[in-house]
1. What is the fewest-to-most order of 24, 224 by other Cβ atoms lying within 10 Å of their Cβ?
2. Out of all DSSP beta bridges in the chain, what portion is antiparallel? Express it as a percent rounded to 5.
3. Against the longest alpha carbon principal axis of the chain, how many degrees, from 0 to 90 and to the nearest 10, is the axis of helix 66-76 turned?
4. Under the classification rounded if a/c is under 1.5, otherwise prolate if a/b is larger than b/c and oblate if not, where does the stretch 63-120 fall, given a ≥ b ≥ c as square roots of the Cα gyration tensor eigenvalues?
5. To the nearest Å, what is the center-to-center distance of the stretch 163-230 and the stretch 92-132, using C-alpha atoms only?
6. For the chain, find the longest principal axis of its Cα atoms and tell me its angle to the long axis of helix 127-144, 0 to 90°, nearest 10.
7. Ranking 154, 243 by Cβ neighbours within 10 Å, fewest first, what do you get?
8. Any idea how far apart residue 52 and residue 138 come out in nm if each label point goes 7 Å out from Cα toward Cβ?
Ligand SMILES: Nc1nc2c(ncn2[C@@H]2O[C@H](COP(=O)(O)OP(=O)(O)OP(=O)(O)O)[C@@H](O)[C@H]2O)c(=O)[nH]1
Ligand SMILES: [Mg+2]
């Protein structure tokens, strides 16, 4: 529970039998999660037994792929604030309160794994992955005139239920690049979003996506293609996105929108607070 709001944590699982039990316990110990939903995406045998040793809720998603698993988790989660992460030992439960703190002011809080002093020894974030993620994130930031972005592949994130409802009908990606699709839709909808550094730790077991440089490079190219495609479609065919502009001018608007709305810019808020 965070300031009267229920908090759900969604973990997809495919090949995390050795780490999933500890990951669930660690996130529970953060003290804020009201439920943990584990989405078994045809996971390694023995995974369900590990999950049953905890109080997490288990659901099965037969359609293969990271995107399908997360989209199913979003449907199952009942919280007002929904946190997505991975149970492979790479993310830390003590980042949960940081995401929650920013959720007071933003609809979506994305994690970033490219801040050097948050990258633990042995984590799979060498020069190529770190700068690759950074450069593609900068491309997204530039093309969408977004807030500071520094990672397109971080799977730890938080979204407010009302914000999810706006972009969910536009989800199309079922595979590994669902993460960047979600970021693009947040931008297209005009949601308030911020990206904050999260710890990135050595994975328990073998990474099946970014562990292979050729696969990682191909995924990077697909992400670039997706960014360019969504940018062009949002310019030329905005009606193709049900969420297009839906969050702009809302009460939780961008700093610019917020000057007319209830939430002011820091300066406006300071003026509001200072006695006249
Ligand atoms: N590879 C893979 N992962 C899946 C699938 N469905 C869900 N996932 C989840 O996707 C996440 C990414 O898989 P990992 O093997 O950790 O890949 P990675 O190389 O560490 O990739 P990142 O964590 O995105 O850097 C894990 O949490 C899996 O549980 C699937 O069909 N294949
Ligand atoms: Mg991983």
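1. Values: 24 23, 224 16.
Result, fewest neighbours first: 224, 24.
2. Working: 8 of 28 bridges.
Here the antiparallel bridges make up roughly 30 percent for the chain.
3. Long axis of 66-76 versus the principal axis of the chain: about 70 degrees.
4. It is oblate, given that a/c is not under 1.5 and a/b is not larger than b/c.
5. Going from one Cα centre to the other spans 14 Å.
6. The angle comes out near 30 degrees.
7. Details: 154 26, 243 20.
Ranking 154, 243 by Cβ neighbours within 10 Å, fewest first, gives 243, 154.
8. According to this spin-label approximation, the distance is 5.1 nm.
No lab work stands behind these numbers, since they all come straight from the coordinates. These numbers were taken from a predicted model, which means no experiment stands behind them. Neighbour counts run over all protein chains shown; Cβ positions are idealised from the backbone, glycine included.
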